[in-house]
Amino acid sequence: MDRPAAGASYQRFPRVRIRELRDDYAKFELRDTDASMANALRRVMIAEVPTVAIDLVEIEVNSSVLNDEFIAHRLGLIPLTSAAAMQMRFSRDCDACDGDGSCEYCSVEFHLAARAESDQTLEVTSNDLRSNDPKVCPVDQARAYQQALSGSDFDPNTGDQRGILIVKLRRGQELRLRAIARKGIGKDHAKWSPAATVTFMYEPDIRINEELMETLTLDEKRSWVESSPTKVFAIDPITEQVRVADAEEYTYDDEVIKKAEAMGKPGLVEINAKEDSFIFTVETTGAITAYELIMNAITVLRQKLDAVRLQDDDGDLGELDAHLGGP
Amino acid sequence: MEKAKESQSPAAVKEGDYLALRELFRPHVESFDYFLDKGLNEMLESIRPMEIRDPNSNNTLKVTLEKGHVLPPMRDARSSVPLYPQECRQARITYHGEFKVDVCFEFNEQGAHVRHTFNFGHLPIMLMSKLCHLRGADPHKLVFHGEEATEMGGYFICGGMERLIRILILQKRNYPMGLVRGSFLKRGAGYTDKAVVIRCVQSDQSSVTVKLYYLQNGSARLGFWLGGREFLLPVGIVLKALIDTSDREIFTSLMCCYSDKYGRGKGVVSTQLISERAEIILDEVRNLSLLTRTQCLVHIGQYFRSVMEGFEKHDYEAVAEAVLKDYIFVHLENNHDKFNLLIFMLQKLYALVDQTASPDNADSLQYQEALLPGHLITVFLKDRLQDWLRKSKRLILEEAAKSKGFDLSNVLEVRKFLTKYTTSVGRAIESMIKVGKVNSQSGLDLPQRDGMTIHAERLNFHRYISHFRSVHRGAAFAKMRTTSVRKLLPESWGFLCPVHTPDGEPCGLLNHMASSCRISSFYNSEGALKSCEDIKKSLSAELVRVGMNPMLPKIERTGPPEVLHVHLDGCILGTIASANIEKAVNYLRRLKLAHTVPEDLEVGYVPLSLSGAYPGLYLFTNPARFVRPVRNLLTPSDGKQSIELIGPFEQAFMEIRCPDGGDGGRTKSFPATHEEIHPTAILSVVANLTPWSDHNQSPRNMYQCQMAKQTMGFCGQALKFRTDVKAFHLQTPQTPIVRTATYSKYCMDEFPSGTNAIVAVLSYTGYDMEDAMILNKSAVDRGMFRGHIYQTECIDLSTKNREKVPEIFARSALSRDTSTAIDSDGLPRLGEVVMCSMLKEVHPNEQYYSVYNSLTGAVRPVKLKGTEPAFIDYVAVNGANSKGGLQKANIRLRRVRNPIIGDKFSSRHGQKGVCSQLWPDIDMPFSANTGMRPDLIINPHAFPSRMTIAMLLESMAAKAGALHGKFINATPFANSMSIKEEDKDPCEPKSIVEEMGSMLASYGFNYHGTEFLYSGVFGNEMEYAIFIGPVYYQRLRHMVSDKFQVRTTGRIDQITRQPIGGRKHGGGIRFGEMERDALLAHGSSYLLHDRLHSCSDYHIADVCSFCGSLLTATVIKSDAQKKAKHEMLGLPTVRPPKNFVCQACKTSKGMETVAMPYVFRYLAAELAAMNIKLELRLSNKSEWPASQES
């Protein structure tokens, strides 16, 4: 780092506070950093955290009503437990096989065989997929397995234990196939994205001008509070004072500010976004847990930064170097 | 089995749902039903028996057609296995039943009647008609037979193609229309441009148009077409020939509506000129010295005997009687009625000339009716049968003249000649449906000869329905330069949709019936045949009760304005005093509601007016009229009873109000008598599906009607059994959240056509300019807008063999190759991918079936055409008529069509756009609260100029509906209905925005449907709120994969060596003169040279600089020794320099090479062939300065 222009250090130490953490849901605060970091984390979580998904399908028999490509596409979208995905190889980088998914390092094989024998419509679901690797299986199978382990009795046909529907078969129809699941990232195809939703918002900073607020009658206060479509403000039933009920409910819709102006009280409330703190909401498809998703995202992000830094060490930043005002 | 029973009960419920859908197809099916039920026999009866007179023995034989039989479609003539439509589609055969007619022979008038049944081949049977095996089948049975559960029928299957007979507009039958047309002047000297025209239709639906022309001298001529020629008769002769009458009687009849005391008041149609005119008419007859009826008949007969077929031997009077019967007012049987009608027409003609009555507009729906499939077939079949009789007669007479021993009484002998052409009758009908051409000598009084049928495309359901609801004005009008026919006239209100017409060439000519519009038929609402006689009797009885004076022969008459004539289907029944007429009309309408008279009776009451339409009470009971339901306000409204069917003729004179509770600006003296049921009744089915179309700019709704018919959706549930040449299929369609009432009424959920996409309206990347739109790549990955194209190829080897060598499907016995898609029977395996043959690399999978030549034993594998791989979806073998081995097979190919850049999409509001990018999900803007990323981004500039407000409403409403978990009703004009209930609930009326906005706000969203989004690229909040919400988007069938055309090198034309055209052959797109001019103007000469020369027919020619000839260069064999030497020395063996010699100059000294387009050389050769020498003067700029050149 011998650039003279890069004098002051901008290094900051972001803090994370986890508010809520469940298997497939997380809510956390990210502070002391800026939007570029927050957005990079979001983008990596959606598109670059690897998972395993069915990628190659070899259909032996398909006499169902859906065509082969449709079934293959549906299979691909089934989330598979991919806790081990970080350790797996991309099949394009795999040296144990020639990328056709025949080795254990880069691929997992699935089999599915279903044939409707009775008059009842047979629903072929993700539960019918048989994996050759116990670590990788459809997420609802894994959940059922864990529930069985923990002793709580379950009926495979109730609730969400039915699995993800692939196709329905009528009497005499048959579906038999071999599928190979491979590691991939959401950038290549959405089926590899472990994130259902990743979003963040700037933490709002709401300041009510108490003096001005006191000039309002209770009815005015009430109508002002109700002007926000979300429940950001509330009126204290005892003191009849307006207080911020939940700042994070605020959607930056400016409705309350417009309302205040309409009421002839501009500056009743001042709302600013805190530029350096973000509230993240993460939901996963179940392929990996929300915790894994966040941690893996940080790992991937670090790897990417490493890649940039390594290039920098070689002094091979090329045009970018010149752009940054280098020698 | 229990399961089957279980599922039957919901199916039964479903069937009721499809009734609304079936109703749309009823005009087609009912008209064909009538043909089968009664029309056929009626038509056969009306065919004049053929009489053959043996020239040798003077014996006669009378051949009468008696009774027709059409049998349901059978697979085989002998066995009684029913043939189902699905089999016909698969085997590419016709869904037809045998057609037989009983023929009666009568020898020498009094001889015994001998009956024989003749087989006239096969008649195509309309699906769901009375002879169709699927008639009345429940959805279960339909599905079992490979049809849609909703199958509505109404079409024919000819050679596997589904074709329907187009409904055409015809002139209203049996109504004399006053017309002013320039073309009437061309009839001859003395003719004017005014005439009264009546299209008379007989009970067998054949029609004869009679025109009554006005002459400058005040007389009139009666014209009709016979044998390709128009015959013009003085009207006086016809009047006298019709009945035994006197000049006096004619005179008073004509004068009846004139009186000195009238002056020029309201409803006066006649002027004093009429007496002079009547005298002229009578003088004309007198001048020909025709005084009695017989004289007139003889006069007519003399003229017509030569042209009337089959009357060569009859006396003049009989000929004249036949002319009057067959050509003049054929809808009437009684000559007195004809006389009365002719008098009426004369009066109307004079009123038209004197401008006391206005001319009728032939383009207005008021004077039009529909040509229905069953009627067309009846008419055409009659013509073909008459043609058959004519031909057979000629054959028999020839035979009789030739051989002496021929005996007419020998029925078997005669039968031999009669059967010669019988099958041509059935074939003619089939080919008429197949190609749409009506080949007949007489023209059958039809507006056009071809284009009668169209292919019922099942691209999607909207298009399919529209085919059956379309009404065409006639092919002749498409070429007309005037636009008056295309005008949207107020008369078509409620009958033809003002929105649903294509723009461009057929605009206004191809209309669609409004959703509630029906066409009257021979069947009443209970499905029973109506009896014309009974109707006429009961109607005249009722009319007499309300004060009609029946029209009796020989009575002193009066006319308007004192009394009005009462017409029933073109027959003058009597007169009603104009004071009582309103009462009578109201009485008739009450009878209509009570069903004592036909419910679709048209009470066309034209009131007295000051030079308006010619007054009268015109009643119509005939079929093929447009009718629509409205609510009658005069009768006590007890629900169902008050719905009355009205026609376009009466509608023009009725007071119908909008059901919004207002009076529509009417005064108390003219109260509304009727009320629309719902304002959406004016829209067609497709136009009715646009949500809130009343909030859109009107052309946008028209565009949507076009685009709805081009969407790629579910073309049918029975796709598996379909053999369409091309079918589009959307993999994951959805039902729209925002929908109109029509959507559920016509079960559109069975055939969905789009996806609820989350649409953000913002200008985001620049890739959404000019109606481009950005799709979210992840959404596409997850299956949005994915689709397939199914193409069925029917391979029939039996028709292909040219050298009479049978070919069959087979694979080479030696081949053990399993890598190809071809299975052991020579046909492809299901699910196999077939690569295209255009790719450079050879792929084993590019062949998909192989053919074995049974003579040579050669096996010929066939490659797949086109540029993209296909999946084998389905293979069907047709072994019905192959003797040895497989010869006929259907192979259905499936091609994947995932959305790519360049594919076309549209919302339901005429907002189409092309996908410009598949944008990564992470780069799309996202909502901070919900994390939602849009599926689709469109540019805000799409709205201001197009004003598709309903699309914005749809977005808001769909968002609210999605949050609330219910469908939103977006029926247009709903507020003009709800105001009526205002009296009960005053706070009810609310705008859509208010309703949806408060709903959105209650779920914590912005009232106006906007959201603050974050940039997906930078992570910062965007400055302005973005309008985002779900909008139902349709994928259109125009896809780049079917259209892109690119070429660098490839096939060239043999003669000019220029690239060939045509996408199929890998040709280029023409870079024409205008494109050349553009490049010239830019001065981009290098590009110009590249396009027009290097990439085209670049050629290096050898030119002799001495003689300047381009063609005389000949090659001398290059020196073999030199070549060998080169090789020995290891010198680079470039191209050995060719030696050219000018053939004319006998030297190679002057040879130069010149680069030129090859066509230039071709031009030189062509010119040389015409003995013109083309000489080039070669120059080198350095040697020959430009200034020296002249």
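The values are calculated or read from the model by the stated rules, or taken from the named source; none is laboratory data. Everything numeric in this text was worked out from a predicted model, so none of it was measured. Here the Cβ positions follow ideal geometry from the backbone for every residue, glycine too, while neighbour counts run over all protein chains shown.
Observations, loosely collected:
- For the range B:899-932, filtering for residues that are more than 14 Å from chain A (Cβ to nearest Cβ), in a strand (DSSP E or B) and either hydrophobic (A, V, I, L, M, F, W, C) or within 29 Å of the chain's Cα centre (by Cα) (or both) leaves 8.
- Condition met for residue A:234 (surrounded by 13 or more Cβ atoms within 10 Å (Cβ to Cβ), away from chain B (no Cβ under 14 Å), of a type outside the set (D, E, K, R) and farther than 30 Å from residue A:71 by Cβ): yes
- Residues of the range B:996-1021 satisfying the condition of being polar (S, T, N, Q), farther than 18 Å from residue B:923 by Cβ and either at the interface with chain A (Cβ under 7 Å from one of its Cβ atoms) or part of a loop (DSSP other than H, G, I, E, B) (or both): B:1006
- Where a residue in the range B:1021-1041 is at positive phi and its partner, wherever it lies, is basic (Lys, Arg) and assigned to a strand (DSSP E or B), with Cβ under 9 Å and at least six apart: none
- Matching entry among A:84, A:96, A:116 (being more than 28 Å from residue B:784 (Cα to Cα) and touching a Leu at 6+ places or on another chain (Cβ under 7 Å)): A:116
- Scanning the range B:220-263 for residues that are in a strand (DSSP E or B), within 17 Å of residue B:346 (Cβ to Cβ) and either of a type in the set (A, V, I, L, M, F, W, C) or touching a Lys or Arg at 6+ places or on another chain (Cβ under 7 Å) (or both) turns up B:220, B:222, B:223, B:224, B:232, B:233, B:234.
Residue by residue, here is whether (1) on the phi > 0 side of the Ramachandran plot; (2) within 14 Å of another protein chain (Cβ to nearest Cβ); (3) in a loop (DSSP other than H, G, I, E, B) holds:
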position: B:752; (1), (2), (3): no, no, yes
position: B:756; (1), (2), (3): no, no, no
position: B:770; (1), (2), (3): yes, no, yes
position: B:784; (1), (2), (3): no, yes, yes
position: B:799; (1), (2), (3): no, no, no
position: B:811; (1), (2), (3): no, no, yes
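- Where residue B:135 falls short, out of the listed (1) surrounded by 19 or more Cβ atoms within 10 Å (Cβ to Cβ); (2) without any contact (Cβ under 8 Å) to a residue 24 or more places away in the chain; (3) not acidic (Asp, Glu): (1)
- Positions within the range B:59-115 being surrounded by fewer than 18 Cβ atoms within 10 Å (Cβ to Cβ), among the β-branched types (Val, Ile, Thr) and part of a strand (DSSP E or B), in sequence order: B:60, B:114
- Cβ-Cβ contacts under 7 Å between residues 6 or more apart (or on different chains), taken from a first residue in the range B:872-898 that is outside any strand (DSSP E or B) to a second residue that is at pLDDT 85 or above, are listed as B:880/B:91; B:886/B:877; B:898/B:780; B:898/B:786.
- When residues of the range B:933-962 are limited to those that are in a loop (DSSP other than H, G, I, E, B), surrounded by fewer than 23 Cβ atoms within 10 Å (Cβ to Cβ) and in contact (Cβ under 8 Å) with a residue 40 or more places away in the chain, the one nearest to the other protein chains (Cβ to nearest Cβ): B:943
- Residue within the range B:708-715 that is farther than 30 Å from residue B:267 by Cβ, touching a residue at least 12 places away in the same chain (Cβ under 8 Å), among the aliphatic types (A, V, I, L, M) and out of contact with any strand residue (DSSP E or B) (no Cβ under 8 Å at 6 or more places or on another chain) present: no
- Hits in the range B:42-79 (condition: touching a strand residue (DSSP E or B) at 6+ places or on another chain (Cβ under 6 Å) and hydroxyl-bearing (Ser, Thr, Tyr)): B:60, B:64
- Counting only strands (runs of 3 or more DSSP E) that fall entirely inside the range B:1068-1180 and contain at least 2 residues that are modelled with pLDDT of 85 or more, the qualifying elements are B:1098-1104, B:1151-1157.
- Scanning the range A:241-276 for residues that are free of Cβ contacts under 8 Å to residues at least 24 places away in the same chain, more than 12 Å from every other protein chain (Cβ to nearest Cβ) and charged (D, E, K, R) yields a single hit, A:261.
- Members of the range B:492-520 that are modelled with pLDDT under 90 and within 20 Å of residue B:647 (Cα to Cα): none
- Selection status of residue A:279, surrounded by 16 or more Cβ atoms within 10 Å (Cβ to Cβ), β-branched (Val, Ile, Thr) and in a helix (DSSP H, G or I): no
- For the range A:192-206, the count of residues that are surrounded by 20 or more Cβ atoms within 10 Å (Cβ to Cβ), more than 14 Å from chain B (Cβ to nearest Cβ) and modelled with pLDDT of 85 or more is zero.
- If only residues of the range A:36-87 that are touching a residue at least 24 places away in the same chain (Cβ under 8 Å) and among the hydroxyl-bearing types (Ser, Thr, Tyr) are counted, the one that is surrounded by the most Cβ atoms within 10 Å (Cβ to Cβ) is A:51.
- Selection count, the range A:178-190, where residues are crowded, with 24+ Cβ neighbours inside 10 Å and at the interface with chain B (Cβ under 9 Å from one of its Cβ atoms): 1
- Criterion: buried (at least 21 other Cβ atoms within 10 Å of the Cβ) and in a loop (DSSP other than H, G, I, E, B) - qualifying residue of B:269, B:210, B:285, B:197: B:269
- All positions within the range B:710-746 that are more than 14 Å from chain A (Cβ to nearest Cβ) and hydroxyl-bearing (Ser, Thr, Tyr): B:711, B:723, B:735, B:740, B:742, B:743, B:744, B:746
- The number of residues in the range B:445-474 being out of contact with any Leu (no Cβ under 7 Å at 6 or more places or on another chain) and surrounded by 16 or more Cβ atoms within 10 Å (Cβ to Cβ) comes to 13.
- Residue under evaluation residue B:151, criteria (1) among the charged types (D, E, K, R); (2) in contact with a strand residue (DSSP E or B) (Cβ under 8 Å, 6 or more places away or on another chain); (3) closer than 25 Å to residue B:373 by Cβ, criterion not met: (2)
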